[in-house]
Amino acid sequence: MPKSTHHALRIVIYLCAVVLIALNPLSAVATSLAAPNTTDASFSEATVSGVADECEEDALIGVLQNEASSTDDKSKALQTLAGIADDRAIEAMLGYALGMDDLEASVSCFIKISKAITQQGREAMTERLISQLSQKTDQRFIIQALGCIKGSKAFNALLPFLQDTDWEIQYATVCALRMLGNNQAAAPLTALLDNEASMQHFEFKRDLIQALGEVGDAGSVDALIKMLKSVKKSGDTSCVAFIAAALGSLGSDSAIKPMIEMLPYAGNDGRNAISRACATIGGNATVDTLIAAFKKTDSLWVSNIISPLVDINSDYVVQALSKALKSNNTNMRKWAAKTLYLYTSNYRSKAAAEVLLERLKKKDVLVVAAAFLFFIDQGVEGSESVLCKALNKYGDVSMAVIFLNSHNDALEIEATRWAYKNGFVVKETERYGSAGGWGGSPIQ
């Protein structure tokens, strides 16, 4: 076949593809070009395939550039171009994602690209982004894009921007380094905690703390503990929950005691986060520190110490609580008994039940009062007298009401006496209290 004829056929094929693209860009993406029926070996399948690939890429780029394309179509085109990742595809993707008005939307695009892009394309896109970092107009977009794409050269390119005088550039860099997940960022990120100007911005402070929770080191733990302690003086509890979560993720035993000491000043969200962090760190050292804290713990936040002990759920916790029941400290014995009750209630722990029943035999009125629900559930014959003593010495309204609804005559009579003695009137109402009443939930 003459070269001019060959050239003409290629033009016809290309024009057909362009017509398909114009009619429906996405349908063109799915359309394959059949090789012409010819015996001319010079018109190879490779040539046709190359034209088809070129047409597909044109169609995909057209979808991104066409304002009328739907969001879903653009998303599919973006992911397919990421799989191609040649120079034209990279240029088109960068133009689209960096051209957005909204930073969050731009980041979302780059995350989609990152999931589909080849490693070679990842490095090529990273190189292209680094070359554009000197631009001031969309630096934040480029910085966060580098974090999303995760090329090997991104980390070193991003580090200098932590020293930028613009807190928003610093903030974008913090977010990007967090996405990279490189632990070498721990020291420079930790140093930013001392940047008073940037730390005045809540979102900067919050995301920096969260980043340290993911890439921090021992130095970060010390800095976060120092920051946590400053809350007592400043009264600003807005980031206590984030600090506790970060310390929990870093998993250092050294954070347990400072977190517990902050419970009175942490606010509800902070206290709950401290509980979760203690449970996350776990370990015997954590258990010992938590139980030791029972000595000086106010009833207002004791649940924030009991909760992680229950969540840790280990034999060591039961053993340590058993020792705590023998303490001379009233608070420690009381809270330890309540925690052991929760082990029997939540986990049906025979070991915890045996410890409590041993204290019943010793007629430990304080322990019986603290875990009275357990003893009602067990319904141990002859234990009523100790329970009645517990009500009279340590009881309150809620305990008396449970006694009145216990389905045990001795407890009901004693609760009625307690009520009249303390100025209450007993009314007949629907029974409630311990689920099964006396002996309703024994642990065998």
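Derivation of every value follows stated rules applied to the coordinates shown; laboratory data play no part. Not measured: the values here are computed from a predicted model. Here Cβ is always computed from backbone atoms with ideal geometry, including for glycine, and neighbour counts include all displayed protein chains.
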For this session: Whole Å is fine, so just give me how far the alpha carbon centre of region 81-112 lies from that of region 212-230.
Result: 35
Problem set entry | R0 of 41 Å, Cβ-Cβ distance Lys229-Gln65: FRET efficiency to nearest 0.05 | 0.15
Problem set entry | Pairs from Lys295/Lys361; Lys226/Lys338; Lys74/Lys153; Lys115/Lys153; Lys257/Lys393 whose Cα-Cα separation, in the structure shown, is over 22 Å | Lys295/Lys361; Lys226/Lys338; Lys74/Lys153; Lys257/Lys393
Exercise. Could you give the semi-axes, largest first, of the ellipsoid that matches region 325-444, computed as the square roots of 5 times the alpha carbon gyration tensor eigenvalues and rounded to whole Å?
Worked result: 23, 17, 12
Exercise. Using Cα atoms only, what is the angle between the long axis of helix 350-361 and the major principal axis of the chain, expressed in degrees (0 to 90) to the nearest 10?
Worked result: 20
Problem set entry | Isotropically averaged projected area of region 184-313, using the convex hull of Cα atoms (one quarter of hull area), nm² | 7.3
Problem set entry | Principal-axis tilt of helix 409-421 within the chain, Cα atoms, nearest 10 degrees | 80
Seminar exercise, completed: Between [x] 22, 54, 21, 3, 0; [y] 26, 59, 15, 0; [z] 20, 31, 24, 18, 6, 1, the structure-derived P(r) over Cα pairs in 20 Å bins from 0, in percent is [z]
Seminar exercise, completed: The equivalent-ellipsoid semi-axes of region 252-372, taken as the square roots of five times the Cα gyration tensor eigenvalues and listed largest first in whole Å, are 24, 15, 12
Problem set entry | Geometric extent, Cα atoms of region 190-231 - Rg, Dmax (angstrom) | 9.6, 25
Problem set entry | Tail beyond 16 Å, pair distance distribution of region 380-427 (Cα, percent) | 25
Exercise. For the residues Trp418, Trp335, what sequence is obtained by ranking on other C-beta atoms within 10 Å, fewest first?
Worked result: Trp418, Trp335
Exercise. Which value in deg cm²/dmol, rounded to the nearest 500, describes the helix-derived mean residue ellipticity at 222 nm for the chain, given -39,500 (n - 2.57) per DSSP H run of n ≥ 4 and division by the residue count?
Worked result: -21500 deg cm²/dmol
